[in-house]
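J.: Take a look at the following structure, please.
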Amino acid sequence: MVNVELENDLIEFKARLEFRQDEILRLVHEINLLHISKAVIALATADLLHESVAELEQIFEKHK
């Protein structure tokens, strides 16, 4: 049962990660249109990745 719950949590996480990836691509497109520094892209990407890693750690901690 735990494996099923973990699998479901990971599937949901993957969907959220794909949404974040779409957010990043949208931001990159908008930033390129506005000619904003690539540092802004890097910071936005790093922030979203940090959130994703923290979320994944919580999932695995929950299923320990």
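Read the figures in this text as sums done on the coordinates, not as results from a lab. Here the structure is a predicted model, which means the values were calculated and not measured. Note that we place each Cβ from the backbone using ideal geometry, even for glycine, and neighbour counts take in every protein chain shown.
J.: Would you mind ranking LEU48, LEU33 so that the residue whose beta carbon has the fewest other beta carbons within 10 Å leads the list?
T.: Listing LEU48, LEU33 from fewest to most nearby Cβ atoms yields LEU33, LEU48.
J.: Just the Cα atoms of the chain, one point each, no solvent: what log10 I(q)/I(0) does Debye give at q = 0.15, 0.23, 0.26 Å⁻¹?
T.: -0.55, -0.90, -1.04
J.: Next question, about the same structure. Among HIS35, PHE60, HIS50, which residue has its Cα positioned farthest towards the positive end of the charge dipole of the chain, with +1 placed on the Cβ of Lys and Arg, -1 on the Cβ of Asp and Glu, and the dipole taken about the Cα centre?
T.: Selected residue: HIS35.
J.: Explain nothing, just the number: dipole magnitude of the range 18-62 about its Cα centre with +1 on each Lys and Arg Cβ and -1 on each Asp and Glu Cβ, in debye rounded to the nearest 20.
T.: 220 debye
J.: Same structure, new question: Before rounding to the nearest 500, sum -39500 (n - 2.57) across all DSSP H runs of length at least 4 in the chain and divide by the residue total; then give [θ] at 222 nm in deg cm²/dmol.
T.: Estimated from H runs of four or more residues: -32500 deg cm²/dmol.
J.: Tell me the angle of helix 2-34 to the major Cα principal axis of the chain, expressed in degrees between 0 and 90 and rounded to the nearest ten.
T.: 0 degrees
J.: Cα axis of helix 38-62 to longest principal axis of the chain: angle in degrees, 0 to 90, nearest 10?
T.: That helix lies at roughly 10 degrees to the long axis.
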